[in-house]
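See structure below.
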Amino acid sequence: MNYTRLSFRRQFLFTTTECLKLGEWKHNTIDTYNLYVHPDLDHYIVRGEDNQSLVVLIGYIINPEQPEETDHEIVTRLCARESLTEESIARFLYPMSGRFVLIVKTPDKFLVFHDCCGLRTVFFANHDGYTHIASDPLLLGLAIPLIKGKKWDDYQASIHKKENDEHWIPAGGSLYDNVFHLIPNHYLNVSNSEQIRFWPNRKISAYSTDEASQKAALILSGSILAASKRFKLALPLTAGWDSRAVLAASRHVASDLFLYTLQYGALTSGSYDLRIPAKLLSRLGYEHHLIECGKDAYDEEFMSVYMANSAMAHFFDWGKIAFSLYQKYPSDMVCLKGAGAGIVRCNYYSSGKHDPILNSDQLLGLVPGWDKLSFVRESMEKWFIQAKEIHAISSYDILDLFCWEQRVGNWQSQSQVEWDIALEQFTPFSNRELLDTLLGVKTADRCYPGYIVFEKMIVKLWPEVMKEPINPSFKGMVKNVLSKFGVLDLVLKFK
């Protein structure tokens, strides 16, 4: 099979170098730069009336408040603003969803922003006095030399990589000495290759659980409604909270969704992640599709292309699933993902309470093996200093910010750039206003076991989707069975 079209699928390159190898890609020249965009990735260029400013959109941007608004209309509205300053662009993007990169040219500078969680990745390097930008370091390597040094060698030999199938590094860097990564909540000044934080920049607003669940429900459902007007949508379901919230927010378009569950790894027909989605969709009157992954012998040529698409490729984990998706997933559909919800569900302190984060060693301890890598330690020390300052300004919890900018902003974004070989993805939780709203709720109402603000949001959107349990434990299932047969009270009485 010919996989040529899958090379760097849905990726982009912005460089002063002419890349003849990308001759089949969409190509534009902007000043001294060449913009190369893969044929399966949309992009728009809108020029300002002064003919000195322009906005380039790579990917797609969604306005939950105006679901009918198109990519081109949104970008045109941004370009028409009186002043395209860093602050005005940040304000414009605050309520937006999507998976995008924005390259903004003003009379005196180039700026690069991306979506709230950085899921359309941006890597950059300074070479010969110019900043070169791409969605992955290996694509940058078509335009400039990549420098492998001690970081590369240490990582390949690390316990972290050897013992973690989904190994990852902190946001902000790469395995190459000369390539850096744009962290969520930062923009890139192309003139000097500097990334600058623009969010959070104020104290977080407090919300009651009812207020937050109502506002978040409107943003989430508005994002999905807007996406449904752009794309055919598919929704993968598990027994978990995140996909249940996305399903609830999809109520008004559910009949048009391709609803499915991936069976991979140790999952069997008896696993809750397979059984509960099937039961729930049957109860709601929708068809449930099962996509089996990882059982087929993989294609060596596919693996070769997959590994060449990303410097951090995880073929024997994410890649084998991607191979099955490439074969079996409806190719014309955009996948809705619940990723990012863990940012507000106290992902790194499930009880809602934790000791103060006083140093970067506490953060290194969250990821087994990170403490043994000197470049990771240096990266986390630098990030922690900034995060501590942000915490003082905004009261954002450092562990929530870690989950947002590090876990989702690098681990999740890496999985998405790898799966671009098989499908396009939309993550409606990648919305700054949505995350800001839910993070404004007291931790007791957004942590395990109840995730109260999530439950309230789901019930407001579509109460029937709660008729099957979420992530049931064995103890909880026994309790439900005893209750069903009227013997729970008797058991408790003689306990």
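The values are calculated or read from the model by the stated rules, or taken from the named source; none is laboratory data. This structure is a prediction, so every number in the text was calculated from the model and none was measured. Don't worry about glycine lacking a Cβ; one is built from the backbone with ideal geometry, like all the others, and counts go over all protein chains shown.
Things worth noting here:
- Residues located in the stretch 185-211, provided they are over 21 Å from Ile385 (Cα atoms) and in a loop (DSSP other than H, G, I, E, B): Val190, Ser191, Asn192, Ser205, Ala206, Tyr207, Ser208
- Checked against (1) under 19 Å from Tyr60 (Cβ atoms); (2) buried (at least 22 other Cβ atoms within 10 Å of the Cβ), Tyr94 passes all but condition (2).
Residue-wise test of (1) farther than 24 Å from Ile452 by Cβ; (2) assigned to a loop (DSSP other than H, G, I, E, B).
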position: Ser213; (1), (2): no, no
position: Leu225; (1), (2): yes, no
position: Val246; (1), (2): no, no
position: Leu259; (1), (2): yes, no
position: Leu262; (1), (2): yes, no
position: Leu267; (1), (2): yes, yes
position: Arg275; (1), (2): yes, no
position: Tyr286; (1), (2): yes, yes
position: Leu290; (1), (2): yes, no
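- Restricting attention to the stretch 30-55 and to residues that are in a strand (DSSP E or B) and β-branched (Val, Ile, Thr), the residue that is surrounded by the most Cβ atoms within 10 Å (Cβ to Cβ) turns out to be Val55.
- Across the stretch 310-322, the qualifying residues are those that are in contact with a helix residue (DSSP H, G or I) (Cβ under 7 Å, 6 or more places away or on another chain) and touching a residue at least 40 places away in the same chain (Cβ under 8 Å), and the one among them that is nearest to Tyr176 (Cα to Cα) is Ala311.
Residues checked against (1) in the same structural domain as Ile147 (by TED's automatic domain parsing); (2) modelled with pLDDT of 95 or more; (3) under 21 Å from Leu102 (Cβ atoms):
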residue	(1), (2), (3)
Val179	yes, yes, yes
His186	yes, yes, yes
Ile204	no, yes, no
Ser213	no, yes, no
Ile219	no, yes, yes
Gly222	no, yes, yes
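- Here Leu138 does not fit the description of being assigned by TED's automatic domain parsing to the domain that holds Tyr33, closer than 22 Å to Phe12 by Cα and part of a strand (DSSP E or B).
- Per this entry, Phe454 is not counted among residues that are among the aromatic types (Phe, Trp, Tyr), in a loop (DSSP other than H, G, I, E, B), crowded, with 20+ Cβ neighbours inside 10 Å and modelled with pLDDT of 95 or more.
- Of Ile89, Ile58, all but one fail to be over 30 Å from His252 (Cα atoms) and in contact (Cβ under 8 Å) with a residue 60 or more places away in the chain; the exception is Ile89.
- Among the candidates Tyr298, Tyr326, residue that is touching a Phe, Trp or Tyr at 6+ places or on another chain (Cβ under 8 Å), modelled with pLDDT of 95 or more and more than 30 Å from Met457 (Cβ to Cβ): Tyr326
- Unique residue being at pLDDT 95 or above, under 30 Å from His127 (Cα atoms) and not in a loop (DSSP other than H, G, I, E, B) when the list is His27, His72: His27
- The sole residue among Leu247, Leu267, Leu274, Leu257 that is of a type in the set (A, V, I, L, M), modelled with pLDDT under 95 and in contact with a strand residue (DSSP E or B) (Cβ under 9 Å, 6 or more places away or on another chain) is Leu267.
- Summed over the stretch 292-303, the residues that are in a helix (DSSP H, G or I) and without any contact (Cβ under 8 Å) to a residue 60 or more places away in the chain give a count of 2.
- Filter result for Val344 (in contact with an Asp or Glu (Cβ under 9 Å, 6 or more places away or on another chain) and either without any contact (Cβ under 8 Å) to a residue 60 or more places away in the chain or not hydroxyl-bearing (Ser, Thr, Tyr) (or both)): yes
- Arg77 vs. criteria free of Cβ contacts under 8 Å to residues at least 24 places away in the same chain, within 24 Å of the chain's Cα centre (by Cα) and not in a loop (DSSP other than H, G, I, E, B): no
- Condition met for Ser331 (within 24 Å of Asp242 (Cα to Cα) and hydroxyl-bearing (Ser, Thr, Tyr)): yes
- Residues considered: Leu175, Leu233, Leu182, Leu237. Of these, the only one that is touching a Cys at 6+ places or on another chain (Cβ under 9 Å), buried (at least 18 other Cβ atoms within 10 Å of the Cβ) and not small (Gly, Ala, Ser) is Leu233.
- Looking only at the stretch 352-378, residues that are in contact (Cβ under 8 Å) with a residue 12 or more places away in the chain, exposed (fewer than 14 other Cβ atoms within 10 Å of the Cβ) and under 24 Å from the mean Cα position of the chain (by Cα) come to 1 in all.
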